[in-house]
Amino acid sequence: MADNTVEWRDQTPVSTEFDDVYYSADDGLAESRYVFLSHNNLPNAWQDSPRFTILETGFGTGLNFCATSVLWQQQRNNKQTLHFVSIEKYPLQQQQIKRALSRWPELNAISDELCRLLPPPLAGWHHLYLPQRNIELTLIYDDVKTALKNIENNNIRANAIFLDGFAPAKNPDMWADEVLNQLAKCAEKNATLATFTAVGRVRRTLQSAGFTMQKNQGFGSKREMLVGTYTKAEQENIKAWHKLAPAPTPKNVAIIGAGIAGCIMAHKLAARGLKVRVFEQASQAANGASGNSQGVLFIKLSAGNGILSDYSSAAFLYAHRFYQQLLDQNIIDKAAVQLSGMLQLLSDDNWTTLKHHYSNTPEFAHFVDAAEASIIAGTRITQKAVFFPDSGHISPVLLCNQLLSHPNIQLYADTAIQAISPQADHCLLHTANDSIQADALVLATANDSQALVNTMALPIKPAPGQVTQFEATAAHDQLNCAICHEGYIAPPQNGEVCIGATFRMKAPHTDISEQDNLVNISRYKAAFPDLAAPNTYSAKVSSRAASGDYLPLAGPLPNTAKFNQDFAQLGHNAKQQINLNGCYVPNVFILAGLGSRGLSYAPLAADLICQQLLNEAQLLAPTIAQALNPARFVIRALKRGTSDALL
C-alpha cells in the first residue's frame, strides 16, 4: 500500500502527502456529527431498516465510523445491523488512529475495539465484525475508482453516503467526475449524501448523476456544504457467471462432513440464527485430516501479486479475527486455540526479498535475525525468520467440538449420506434407510465430494501426509510459539509433541510410512539443533483434499450442462460479457479443496457461502470471490474449448 506520512500540528493529524488535516482542528467530532450524521438524517433514517448501509470515501482516522457507532449504540434495536463500508488508499497505522481519536474520551471504547481489529495496510477488502454492537465494517484498502467499481459489482448499495476525503483542491483524484458518477451507481433509491465541500463542479456532477443537491450551512468557519438525495430508479443488479439468482432464504441447513470446514461452516450459519444439522459418517467430529493433534494458522508470503497470494493474506487476517472473537466470547478456549504467533524460518535470499516487500507492515510480518528468532521461539534457531504475531497453533479436534456446541447445531455421527437429490425449494439427503429434507445443503466432504456430485467433475485431488508424535521434554516445554520450516512444530499439548507433515502427491496411499517418520525427524533435527530427537514415536496419516489451482472451492455447485449451454459463446470469444447469472444446482453449496490450510482458509470461505445462502451483499473483493467459485473450472474449460472441467 501507498505510505501516508502523518505529522501532528497542535494534536491535529495532517497528511504530508496532501498537506491537509484529517479533521477540523476546532472539533473534528463535532464536525463529523454535524456534516455526516445530521445531514444524512441519522439516526432517523435507519429506524425502520433491518440492515442499514453507509458508504464512506476516505476512512482516515476512523472518526466518522466511531461517531456513527456511538450514535448507533444509542439509537437502534437488537434486530438491526449497521454495515459501514469505507475506502482508504493510504491507511494509517493503529497507533496513529489511536492517537488521533484520543482527543474524545467518549470514543474510547469504540476506538479501542476498532484498533484491536484494524488490519495491517495490505491492499484488499477487510471485513470486520463487531458482534456486540451489531456492526459490520468493510474496509477497502484501494484506489477509490477501483473500490467503487467493485462495490457496484458486488451489488452493495448504500442508504447513506459520507463523501469525505481531503479537500478537492488538495486531492482532486478523490473528487473526479468518474468517481462521483460511480458513487451514484452504489446508491439505493432515496439514499442520502453529505459532504463538507460546496465546490460547484462537485454539485453539478452529482446532480447529473441522479442526486438532488442543495447547499446548507457549513460547519464552523465553512460557509456552505452540500447535501443530496439519490432520486433515480433503483439500481439493477449486475449479472455474471459467478452470481446467483435470488432465492428464498433458508431456515435450516444440512452440512455433510464434520471436519474443520464443516464445523466452521456450521457455526457461522448457527450464529446467524439458522438451524444446522451436521452429518458425519465417522463416530465423532474431526476425523481424517482434521483429526491431527495440532495444526498451525499458516500463511506463506509472496513477493509477487496474484490471486493465491491475495486470498492467502485476506483469509489469514480474517481467520485471526474470527478465532480471537470466539476466544473473547468464550465460545472456544485456549486449549483449542493459542494465538501466540508463528515463526517461519527462511533462507537468506527469501528473507531479504520478502522483508523489502513487507517493509511497512511490521505488525503483520516482523522480520528477525537468528538471534531474535531464538528469543521468540524459546530454542536456538540458526536461520533468519519472519514472525507473525497474529498466527498461532490450534487443536483441530477441540476446535471442531467446541464450535459444534452452539445450541442451533445438532451433530449426527455414524450417519453416512449416500446420495443427494436437489429440488427446486429444498434438498433431500439419502442414507441407507432414510431420506432427510433440508432447505439447503453444504458439502464439506473433502475427497469424498465427487461421490455425491454428478453435475460437475470436481477438480479435487487427494494429498496424503503424515505427522510424527512423541513425548515432550523440558526443552520442548520452553517453546513459545509454533515454528514452521520445511515442516512444523508447536508447543507441546498434553505432554506430546507433533511434528510434520509430509506430502505424498506421487504416492497417495494412506498407510503409515517409516520413511515419512524419518523425513519429519530429519527436518526437525536440522531446524532445531538443541531439541532432542525422539527414540520412540508414533504417527498419523490423513489425506487432505487440494484443488487444481490450490484455492478452495467455496460457493454454489455448478450445473455444468446448463453452463455449457448458456455460456457457450466463451468458446468463440473468451472475453465476451454475457449478461446472465450462473447456472447452479438449487440449494447446494460446496466448501472443499482447502489442502493443508483449512484452519486459515475455511473461516473466510465459509463466510462467503453464508452471504450467498442468505442473499446478502458479497463482502469479498470480486476477484477473490470469482477465484473461489467452483464454476471457475467450468468457465476455464469453456474458454479453452475443452469439455473437462478439471483442466
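I'm checking my understanding of the structure. Among residues of the stretch 254-275 that are over 19 Å from Ala286 (Cβ atoms) and in a loop (DSSP other than H, G, I, E, B), which one is most open to solvent (accessible area, probe 1.4 Å)? Here the answer is Arg272.
Of the residues that make up the stretch 127-139, is at least one open to solvent by 30 Å² or more (accessible area, probe 1.4 Å), in contact (Cβ under 8 Å) with a residue 60 or more places away in the chain and in contact with an Asp or Glu (Cβ under 7 Å, 6 or more places away or on another chain)? Yes; the residues of the stretch 127-139 include at least one that is open to solvent by 30 Å² or more (accessible area, probe 1.4 Å), in contact (Cβ under 8 Å) with a residue 60 or more places away in the chain and in contact with an Asp or Glu (Cβ under 7 Å, 6 or more places away or on another chain). Hey, could you check the stretch 149-161 for residues that are touching a Pro at 6+ places or on another chain (Cβ under 8 Å) and open to solvent by 10 Å² or more (accessible area, probe 1.4 Å) and say which is farthest from Glu236 (Cα to Cα)? Within the stretch 149-161, the match that is farthest from Glu236 (Cα to Cα) is Asn150. Annotation note: of Ala472, Ala457, the sole residue that is out of contact with any strand residue (DSSP E or B) (no Cβ under 9 Å at 6 or more places or on another chain) and either surrounded by fewer than 21 Cβ atoms within 10 Å (Cβ to Cβ) or at positive phi (or both) is Ala457. Residues in the stretch 611-626 that are part of a helix (DSSP H, G or I), of a type in the set (A, V, I, L, M) and under 16 Å from Pro250 (Cα atoms): Leu613 alone. Filtered by the rule that a residue be β-branched (Val, Ile, Thr) and either part of a loop (DSSP other than H, G, I, E, B) or out of contact with any Leu (no Cβ under 9 Å at 6 or more places or on another chain) (or both), the stretch 237-253 gives Ile238, Thr249. In the set Ala371, Ala424, only one residue is without any contact (Cβ under 8 Å) to a residue 24 or more places away in the chain, open to solvent by 30 Å² or more (accessible area, probe 1.4 Å) and farther than 22 Å from Asn287 by Cβ; that residue is Ala371. Taking the stretch 309-346 as the range and being in a loop (DSSP other than H, G, I, E, B), within 20 Å of the chain's Cα centre (by Cα), of a type outside the set (A, V, I, L, M, F, W, C) and within 16 Å of Ile299 (Cβ to Cβ) as the test, only Gly341 passes.
Among residues of the stretch 454-483 that are free of Cβ contacts under 8 Å to residues at least 24 places away in the same chain and under 17 Å from Ile499 (Cβ atoms), those with a beta-carbon under 8 Å from a residue that is of a type outside the set (A, V, I, L, M, F, W, C) and open to solvent by 20 Å² or more (accessible area, probe 1.4 Å) at least six positions away or on a different chain give the pairs Asp477/Pro492. Checked against the criterion of being of a type in the set (S, T, N, Q), in contact (Cβ under 8 Å) with a residue 12 or more places away in the chain, open to solvent by less than 20 Å² (accessible area, probe 1.4 Å) and under 24 Å from Phe219 (Cβ atoms), the stretch 178-193 has no qualifying residue. If you filter the stretch 47-70 down to residues that are out of contact with any strand residue (DSSP E or B) (no Cβ under 8 Å at 6 or more places or on another chain) and under 16 Å from Asn159 (Cα atoms), you find that the one that is most open to solvent (accessible area, probe 1.4 Å) is Asp48.
Yes or no: Asp448 at positive phi, open to solvent by 30 Å² or more (accessible area, probe 1.4 Å) and either touching a residue at least 60 places away in the same chain (Cβ under 8 Å) or not in a loop (DSSP other than H, G, I, E, B) (or both)? No, not satisfied. Just name the residue that is surrounded by the fewest Cβ atoms within 10 Å (Cβ to Cβ) out of those in the stretch 405-421 that are under 15 Å from Thr445 (Cβ atoms) and in contact with a helix residue (DSSP H, G or I) (Cβ under 8 Å, 6 or more places away or on another chain). The residue in question is Ala419.
Screening Asn587, Asn581, Asn615 for residues that are touching a residue at least 60 places away in the same chain (Cβ under 8 Å), within 23 Å of Gly257 (Cα to Cα) and open to solvent by 20 Å² or more (accessible area, probe 1.4 Å) leaves exactly one candidate, Asn587. Of the numbered conditions (1) touching a helix residue (DSSP H, G or I) at 6+ places or on another chain (Cβ under 6 Å); (2) crowded, with 21+ Cβ neighbours inside 10 Å, Asp164 satisfies every one except a single condition; which is it? Of the numbered conditions (1) touching a helix residue (DSSP H, G or I) at 6+ places or on another chain (Cβ under 6 Å); (2) crowded, with 21+ Cβ neighbours inside 10 Å, the odd one out for Asp164 is (1).
For the stretch 541-578, the tally of residues that are of a type in the set (Phe, Trp, Tyr) and buried (at least 20 other Cβ atoms within 10 Å of the Cβ) stands at 2. Please indicate, with yes or no, whether at least one residue in the stretch 495-509 is modelled with pLDDT of 95 or more, open to solvent by 40 Å² or more (accessible area, probe 1.4 Å) and not in a strand (DSSP E or B). Within the stretch 495-509 (the criterion being modelled with pLDDT of 95 or more, open to solvent by 40 Å² or more (accessible area, probe 1.4 Å) and not in a strand (DSSP E or B)), the answer is yes, since at least one residue qualifies.
The values are calculated or read from the model by the stated rules, or taken from the named source; none is laboratory data. These figures come from a predicted structure and were not determined experimentally. Ideal geometry is used to build each Cβ from the backbone, glycine not excepted, and the neighbour counts take in all protein chains shown. Calculation scope for accessible area: heavy atoms of the full protein, side chains included, ligands and nucleic acids excluded. Shrake-Rupley method; radii C 1.70, N 1.55, O 1.52, S 1.80 Å.
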